[in-house]
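Just below is one structure, and these are the notes that go with it.
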Amino acid sequence: MAKISNTAAYPNITSIDSADYLILTDKENNLMTKSCTVSTLSGFIVDSGVVKLIAPGGSVWQLFVSDAGVITTQALS
């Protein structure tokens, strides 16, 4: 199997579609290789217009942007 960085084997995509697939490693399932769609990943990151951020230490935050452009955060864990 070629390395993911081998663009001859795996050419770069120029236009990403929400139905395109991504390859992931499932930490909670013995590091199994799995796939998900761009849409699924987007739904995990942005939930009803609220962005979820995971800090390097593992804490989870929500990022809110008001209509006036004011950014606020709230810790989830």
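The values are calculated or read from the model by the stated rules, or taken from the named source; none is laboratory data. Note that this is a predicted model, so its numbers are computed, not measured. For neighbour counting, all protein chains shown are included, and Cβ atoms are generated from backbone atoms with ideal geometry for every residue, glycine included.
What about residue 23, is it among the β-branched types (Val, Ile, Thr), part of a loop (DSSP other than H, G, I, E, B) and free of Cβ contacts under 8 Å to residues at least 60 places away in the same chain? I'd like the intermediate steps shown before the answer.
Details: among the β-branched types (Val, Ile, Thr): yes; part of a loop (DSSP other than H, G, I, E, B): no; free of Cβ contacts under 8 Å to residues at least 60 places away in the same chain: yes.
No: the conditions fail for residue 23.
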(request) Residue by residue through region 46-60, note down the ones that are over 14 Å from the mean Cα position of the chain (by Cα) and more than 19 Å from residue 27 (Cβ to Cβ). (result) 48, 49
(request) Would you check which residues across region 23-64 are over 21 Å from residue 4 (Cα atoms), surrounded by 10 or more Cβ atoms within 10 Å (Cβ to Cβ) and of a type in the set (Asp, Glu) and list them? (result) 47
(message) Of the residues 20, 67, only one is on the phi < 0 side of the Ramachandran plot, charged (D, E, K, R) and surrounded by 11 or more Cβ atoms within 10 Å (Cβ to Cβ); which?
(response) 20
(request) Select from region 23-60 the residues that are at pLDDT 90 or above, in contact with a Lys or Arg (Cβ under 8 Å, 6 or more places away or on another chain) and hydrophobic (A, V, I, L, M, F, W, C) and list them in ascending order. (result) 23, 24
